[in-house]
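The values are calculated or read from the model by the stated rules, or taken from the named source; none is laboratory data. Bear in mind the structure is a predicted one, so any value in this text is a computation, not a measurement. Ideal geometry is used to build each Cβ from the backbone, glycine not excepted, and the neighbour counts take in all protein chains shown. Please note that ligands, DNA and RNA were not included when accessible areas were found on the heavy atoms of the full protein model with its side chains. Shrake-Rupley method; radii C 1.70, N 1.55, O 1.52, S 1.80 Å.
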Amino acid sequence: MDAKRRCATCTEEVSLEVRRCPRCGARTEPMHRGVDGRLLTGVCAALGRELGVDAALIRVGFVVALAVSGGTALMVYLLLWAFTPPSATGTAPLRRTYSWLSGLGNSERAPRVERRV
């Protein structure tokens, strides 16, 4: 029996293997680096999974772009790593760093004020 779940946008039943809803085109799972076939950080494997291309082709493309671009491709790779969470439920490294840095100024003696919007 094929396992199913509901699309968060249009509430249509979709298969677990589907990455985009066939009805509305919304992602059923966010892009993340925790996929099969990751070697170093998982960026190329995640891009390959998202685009439906073999991860080896993405890796070759990054190496060629690195040779041609003079380092810009390395910056793109690092930005993709920083903004992509390691798992579907995790948080991106840049967001974790921001949260840690924003918590540095808070002392435990200071009262916590709850803001309601």
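Give just the number: which of (1) open to solvent by 70 Å² or more (accessible area, probe 1.4 Å); (2) assigned to a helix (DSSP H, G or I) does L40 not satisfy?
(2)
Just give me the residues in region 9-41 being farther than 14 Å from A88 by Cβ and under 12 Å from the mean Cα position of the chain (by Cα), in sequence order.
T41
All but one of (1) in a helix (DSSP H, G or I); (2) surrounded by fewer than 17 Cβ atoms within 10 Å (Cβ to Cβ); (3) touching a helix residue (DSSP H, G or I) at 6+ places or on another chain (Cβ under 6 Å) hold for I58; state the number of the condition that does not hold.
Status for I58: all satisfied but (2).
Would you confirm whether or not region 77-96 contains a residue that is open to solvent by 70 Å² or more (accessible area, probe 1.4 Å), assigned to a helix (DSSP H, G or I) and farther than 29 Å from A8 by Cα?
Yes - at least one qualifying residue is present in region 77-96.
Between a first residue in region 1-21 that is without any contact (Cβ under 8 Å) to a residue 60 or more places away in the chain and among the hydroxyl-bearing types (S, T, Y) and a second residue that is loosely packed, with under 10 Cβ neighbours inside 10 Å and assigned to a loop (DSSP other than H, G, I, E, B), which pairs have beta carbons less than 9 Å apart while being 6 or more apart in sequence or on different chains?
Matching pairs, first to second residue: S15/D2; S15/A3.
Looking at this structure, is C10 among the hydrophobic types (A, V, I, L, M, F, W, C) and over 30 Å from Y77 (Cβ atoms)?
Yes, satisfied.
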